[in-house]
Amino acid sequence: MATILKLVGLTKDFGSVRALSNVSFELESGEIHCLVGENGAGKSTLIKILSGAIAPTGGAIHIHGEIFKSLTPALARKLETETIYQENIICPDMTAMENIYLGTEYRNGIFYDKKRTIVEAKKLIDTMEVDIEPLEILRNLSPAQQKVVQVLKAFVKKAKILILDEPTASFSMNEIETLLNIIKKVKLQGTGIIFISHHLDEVFKIADRVTVLKDGEIISTHKKGKYTSDILISDMTGREPSTFFKKRHHQAGEIVMEVKNFSRKNVVRNVSFNLKRGEVLGFAGMVGSGRSELARLIFGADKKTAGVLFMNDKEINIKNPHAAIKHGICFLPEDRKRDANVNYQSVADNIVISYINSISALFRNIRFEKKESKKYIDLLKIKTPSESNSINNLSGGNQQKVIMARWFLVNSQVFIFDEPTRGIDVGSKEEIYRLINELAEQGKSIIMISSELPELIAMSDRVLIMKNGTLVGEVTGSDINEETILSYSIGANKLVS
Ligand SMILES: Nc1ncnc2c1ncn2[C@@H]1O[C@H](COP(=O)(O)OP(=O)(O)OP(=O)(O)O)[C@@H](O)[C@H]1O
Ligand SMILES: [Mg+2]
């Protein structure tokens with residue numbers, strides 16, 4: 001197979017931070033080359049150079065035999081490279097079809113042939129076996145469907161190179177399968193694909209080759225069938241993989257919080273449950289089953305249309321997040337970028353912000369704040385030159401860790417964590433599990449929403465399952481396993497009363 005992309009000795013410095021160091025990397029046409037590594041390893045920096053968003057400090061990029069010192073977005077497009085970033089939606093107000101055929105619309109003479117484009121879009125969606133209404137506005141589609149639209153766009157254009165940066169974060173298992181299948185079809189067309197993921201099971205499913213980056217350097221490249229997950233983990237972290245996280249059973253005490261008949265339009269319907277002291281209560285369900293929406297109602301981020309909340313047997317009325325924090329309920333939202341107020345301040349300020357909001361300004365203790373922020377930078381291995389660095393300079397996963405650290409500092413009673421390990425590398429995930437277990441051991445109560453069943457199973461003392469906005473099941477003990485939880489999520493089991 002032909003090499004279509006070759007990076008030779010690529011280096012990138014951000015001020016004093018060396019994000020990439022002498023990186024050499026190759027991509028063949030019709031190959032899926034996965035790129036893995038810890039948070040801050042340099043993966044996104046590498047693809048930003050390839051999409052022309054940033055210029056390297058040194059080295060060369062060979063594409064189709066031509067040599068470049070750097071690219072621009074226009075040049076990358078001309079070289080038929082398509083990049084799919086984690087967050088960006090292409091044109092949210094256009095239909096799925098218009099997005100797919102952007103620049104490749106069918107024409108009748110000089111006129112846009114809408115009828116033909118609709119027919120072709122339907123055919124394409126059929127052959128790809130996806131469930132998308134071509135005339136639906138992109139914004140109304142699920143995040144997974146939006147991602148599929150972007151991949152279909154690259155497919156229709158017959159892109160030479162397709163780059164995906166953590167495309168499956170927050171997808172359900174079915175959605176991941178669908179996306180991986182489409183990517184395989186794009187590959188069959190001869191496109192060379194670079195695929196970044198923190199999920200090693202995805203890597204095993206689709207990679208022809210996998211390259212490990214660590215601290216900006218290439219550590220290893222392995223061919224399909226020639227590596228194990230232990231090899232990848234030890235290449236990524238530089239240490240032997242620890243035995244997978246062991247389940248800890250927490251001593252649950254009395255009921256701390258009671259949610260009764262919570263509803264909001266059709267999103268959350270008549271949900272009731274209780275939460276005990278020292279318990280980790282898992283919430284399973286498909287993406288869109290209403291778990292995050294329920295969490296937002298409890299926290300006062302959205303208004304409920306019905307329902308009452310009891311804390312320590314007293315009815316309380318939470319009108320907004322500020323009131324929730326005052327009553328001892330805190331919430332790590334799923335969409336950190338949008339909801340968690342990531343701002344241009346320093347890493348340290350971002351770690352202590354919720355703590356400061358929860359105490360009286362009179363009690364501020366700068367030395368304590370500094371000590372604590374350093375502690376969490378260390379514990380969660382937040383990659384930053386110093387605690388005074390701006391949070392915006394951190395890699396995606398390291399920003400997530402900063403926002404996560406905020407809540408470990410707050411003296412709250414109930415912690416609601418929505419997808420706490422999203423975008424976080426294998427090694428740091430374990431540290432987060434350990435910190436959550438510590439909270440439970442101190443008698444705090446935790447609600448954990450996660451689409452990653454293995455972590456939900458390993459962490460939860462009890463799991464509630466949601467579907468279409470309502471609770472459809474509750475499992476405890478040995479029933480906390482994949483088969484049982486899945487059968488409730490897809491509706492094969494009836495609600496146990
Ligand atoms: N604009 C910037 N200014 C300063 N430093 C930056 C900038 N962008 C990235 N860095 C640094 O470069 C390094 C590599 O970051 P990069 O985003 O490439 O990591 P990554 O491998 O994609 O990590 P993640 O898995 O967390 O997404 C990090 O140490 C990061 O802090
Ligand atoms: Mg990244």
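The values are calculated or read from the model by the stated rules, or taken from the named source; none is laboratory data. All of these numbers come straight from a predicted model, not from anything done at the bench. Here Cβ is always computed from backbone atoms with ideal geometry, including for glycine, and neighbour counts include all displayed protein chains. Note: accessible area is taken over every heavy atom of the protein model, side chains too, but ligands, DNA and RNA are not part of it. Shrake-Rupley method; radii C 1.70, N 1.55, O 1.52, S 1.80 Å.
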**OP:** Find the residue count for the range 1-38, including only residues that are out of contact with any Pro (no Cβ under 8 Å at 6 or more places or on another chain), assigned to a loop (DSSP other than H, G, I, E, B) and either at positive phi or more than 8 Å from ligand 1 (Cβ to nearest atom) (or both).
**Re:** 7
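Is the range 78-85 home to any residue that is aromatic (Phe, Trp, Tyr) and part of a loop (DSSP other than H, G, I, E, B)? Can you show your working first?
Kept after step one, since they are aromatic (Phe, Trp, Tyr), are these residues of the range 78-85: 85.
Still in the list and also part of a loop (DSSP other than H, G, I, E, B): 85.
Yes, because at least one residue in the range 78-85 is aromatic (Phe, Trp, Tyr) and part of a loop (DSSP other than H, G, I, E, B).
Picking from Lys429, Lys381, which residue would you name as being part of a loop (DSSP other than H, G, I, E, B), in contact (Cβ under 8 Å) with a residue 12 or more places away in the chain and outside the structural domain of Asp13 (by TED's automatic domain parsing)? Reasoning before the result, please.
On the way: Lys429 fails: part of a loop (DSSP other than H, G, I, E, B).
Of Lys429, Lys381, the one residue that is part of a loop (DSSP other than H, G, I, E, B), in contact (Cβ under 8 Å) with a residue 12 or more places away in the chain and outside the structural domain of Asp13 (by TED's automatic domain parsing) is Lys381.
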Original post:
Which one of Leu141, Leu135, Leu213, Leu162 is in contact (Cβ under 8 Å) with a residue 40 or more places away in the chain, crowded, with 19+ Cβ neighbours inside 10 Å and farther than 28 Å from Ile63 by Cα?
Top reply: Leu141
Subject >> Residue, farthest from ligand 1 (Cβ to nearest atom), within the range 41-55, restricted to residues that are open to solvent by less than 20 Å² (accessible area, probe 1.4 Å) and touching a helix residue (DSSP H, G or I) at 6+ places or on another chain (Cβ under 8 Å) >> reply: Gly52
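Test of understanding: among Asn343, Asn350, which residue is at pLDDT below 85, open to solvent by less than 40 Å² (accessible area, probe 1.4 Å) and within 16 Å of ligand 1 (Cβ to nearest atom)?
Numbers: Asn350 fails: at pLDDT below 85.
Within the list Asn343, Asn350, the selection yields Asn343.
Condition first: away from ligand 2 (no atom under 13 Å from the Cβ) and free of Cβ contacts under 8 Å to residues at least 60 places away in the same chain. Can you find one or more residues in the range 20-27 that meet it? Give the steps one after another, and end with the answer.
So in the range 20-27, the residues away from ligand 2 (no atom under 13 Å from the Cβ) come out as 21-27.
Now narrow it down to the ones that are free of Cβ contacts under 8 Å to residues at least 60 places away in the same chain: 26.
So far as the range 20-27 goes, yes, one or more of its residues are away from ligand 2 (no atom under 13 Å from the Cβ) and free of Cβ contacts under 8 Å to residues at least 60 places away in the same chain.
Which residue, of Ala323, Ala295, is under 19 Å from Ile436 (Cα atoms), outside the structural domain of Ile176 (by TED's automatic domain parsing) and either assigned to a loop (DSSP other than H, G, I, E, B) or of a type outside the set (D, E, K, R) (or both)? Can you show your working first?
Working: Ala323 fails: under 19 Å from Ile436 (Cα atoms).
That would be Ala295, the only listed residue that is under 19 Å from Ile436 (Cα atoms), outside the structural domain of Ile176 (by TED's automatic domain parsing) and either assigned to a loop (DSSP other than H, G, I, E, B) or of a type outside the set (D, E, K, R) (or both).
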Original post:
Taking only pairs six or more apart or across chains, which ones have beta-carbon atoms under 6 Å, a first residue in the range 61-90 that is outside the structural domain of Ser395 (by TED's automatic domain parsing), and a second residue that is in a helix (DSSP H, G or I) and surrounded by 12 or more Cβ atoms within 10 Å (Cβ to Cβ)?
Top reply: Glu82/Ala154; Ile84/Gln150; Ile89/Gln146; Ile90/Asn99
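State which residue is farthest from Gln189 (Cα to Cα) when the search covers only the range 28-59 and only residues that are among the hydroxyl-bearing types (Ser, Thr, Tyr) and out of contact with any Lys or Arg (no Cβ under 8 Å at 6 or more places or on another chain). Show your work before the answer.
Going through the range 28-59, the residues among the hydroxyl-bearing types (Ser, Thr, Tyr) turn out to be 29, 44-45, 51, 57.
Within this subset, residues satisfying the condition of being out of contact with any Lys or Arg (no Cβ under 8 Å at 6 or more places or on another chain) are 44, 51.
Values: Ser44: 25, Ser51: 21 Å.
If we take residues in the range 28-59 being among the hydroxyl-bearing types (Ser, Thr, Tyr) and out of contact with any Lys or Arg (no Cβ under 8 Å at 6 or more places or on another chain), then Ser44 is farthest from Gln189 (Cα to Cα).
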**OP:** Kindly check whether there is at least one residue in the range 21-33 that is surrounded by fewer than 20 Cβ atoms within 10 Å (Cβ to Cβ) and closer than 19 Å to Asn393 by Cα.
**Re:** yes
**OP:** Report, ordered by the first and then the second residue, all pairs with beta carbons closer than 8 Å, sequence separation of six or more or different chains, a first member in the range 101-113 that is within 13 Å of Leu152 (Cβ to Cβ), and a second member that is modelled with pLDDT under 85 and surrounded by fewer than 14 Cβ atoms within 10 Å (Cβ to Cβ).
**Re:** Leu102/Cys91
**OP:** Pick out the one residue from Lys122, Lys153 that is out of contact with any Gly (no Cβ under 8 Å at 6 or more places or on another chain) and open to solvent by 30 Å² or more (accessible area, probe 1.4 Å).
**Re:** Lys122
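Got at least one residue in the range 393-406 being more than 16 Å from ligand 1 (Cβ to nearest atom), in the same structural domain as Ser451 (by TED's automatic domain parsing), at pLDDT 85 or above and crowded, with 20+ Cβ neighbours inside 10 Å?
For the range 393-406, residues more than 16 Å from ligand 1 (Cβ to nearest atom), in the same structural domain as Ser451 (by TED's automatic domain parsing), at pLDDT 85 or above and crowded, with 20+ Cβ neighbours inside 10 Å: present.
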**OP:** Quick one: Ala440 ticks every box in (1) within 13 Å of ligand 1 (Cβ to nearest atom); (2) part of a helix (DSSP H, G or I); (3) small (Gly, Ala, Ser) except a single one, so which number is it?
**Re:** (1)
Original post:
Consider Ala60 against the criteria (1) of a type outside the set (Phe, Trp, Tyr); (2) at pLDDT 95 or above; (3) surrounded by fewer than 22 Cβ atoms within 10 Å (Cβ to Cβ); (4) within 16 Å of ligand 1 (Cβ to nearest atom): it satisfies all of them except one. Which criterion is unmet?
Top reply: (4)
**OP:** Just name the residue that is modelled with the lowest pLDDT out of those in the range 128-163 that are within 30 Å of Leu27 (Cα to Cα) and of a type in the set (Gly, Ala, Ser).
**Re:** Ala144
Original post:
Name the pairs: first residue in the range 343-369 and of a type in the set (Ser, Thr, Tyr), second residue part of a helix (DSSP H, G or I), Cβ to Cβ under 6 Å, at least 6 apart or on different chains?
Top reply: Tyr344/Asn392; Ser354/Arg406; Tyr355/Leu409; Ser358/Ile325
Subject >> Failed item, numbered, when Arg248 is tested on (1) in a loop (DSSP other than H, G, I, E, B); (2) more than 21 Å from Ser460 (Cβ to Cβ); (3) among the basic types (Lys, Arg) >> reply: (2)
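Residue check: is Val475 over 22 Å from the mean Cα position of the chain (by Cα) and either crowded, with 21+ Cβ neighbours inside 10 Å or of a type in the set (Val, Ile, Thr) (or both)?
Working: over 22 Å from the mean Cα position of the chain (by Cα): yes; either crowded, with 21+ Cβ neighbours inside 10 Å or of a type in the set (Val, Ile, Thr) (or both): yes.
Considered against the rule, which asks whether it is over 22 Å from the mean Cα position of the chain (by Cα) and either crowded, with 21+ Cβ neighbours inside 10 Å or of a type in the set (Val, Ile, Thr) (or both), Val475 comes out as yes.
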Original post:
Somewhere in the range 103-119, is a residue in contact with a helix residue (DSSP H, G or I) (Cβ under 8 Å, 6 or more places away or on another chain) and within 16 Å of ligand 1 (Cβ to nearest atom)?
Top reply: no
Subject >> Of all residues making up the range 39-56, the number that are more than 9 Å from ligand 2 (Cβ to nearest atom) and not in a helix (DSSP H, G or I) >> reply: 6
